[in-house]
Amino acid sequence: MNAERDIHTLIEEGKGLRDALRSDDLTEARFRAHQIARMALPLNLPDVRNAAVAVIVSLGAEGDRVVTGYIEAVVALSDAIYLHRQSKPPLVADAPRC
């Protein structure tokens, strides 16, 4: 496993999650959050996995009502990913604040 490549892929998934949320595509956002959670375990990033699971829970299942406060879960995920890289967070970078 190439950890540097895998971290880069994780960051790209985070950017995909950000873009999906900006487009109000909750199906894609759920998919991206699941991908991040799945990828985080082999990278030994339990904090990232836990934050991704919190996003999944806050977005709910397809057709469910999104939990108020899902933005906070996304910011927490962004912060968790940020701790493992040296530049600005991928999810909230340049995003308007609510």
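The values are calculated or read from the model by the stated rules, or taken from the named source; none is laboratory data. Keep in mind that this is a model prediction, so the values were computed, not measured. Note: ideal-geometry Cβ built from the backbone for every residue, glycine included; neighbour counts use all protein chains shown.
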Problem set entry | Residue within the stretch 5-23 that is surrounded by fewer than 12 Cβ atoms within 10 Å (Cβ to Cβ), of a type in the set (D, E, K, R), modelled with pLDDT under 90 and not in a helix (DSSP H, G or I) present | no
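Here are some residues: Ala37, Ala51, Ala73, Ala80. Which one is farther than 10 Å from Gly14 by Cβ, at pLDDT below 95 and surrounded by 13 or more Cβ atoms within 10 Å (Cβ to Cβ)?
Numbers: Ala37 fails: at pLDDT below 95; Ala51 fails: at pLDDT below 95; Ala80 fails: farther than 10 Å from Gly14 by Cβ.
Just a single option satisfies the conditions, and that option is Ala73.
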Problem set entry | Odd one out for Glu62 among (1) in a helix (DSSP H, G or I); (2) of a type in the set (D, E, K, R); (3) exposed (fewer than 14 other Cβ atoms within 10 Å of the Cβ) | (1)
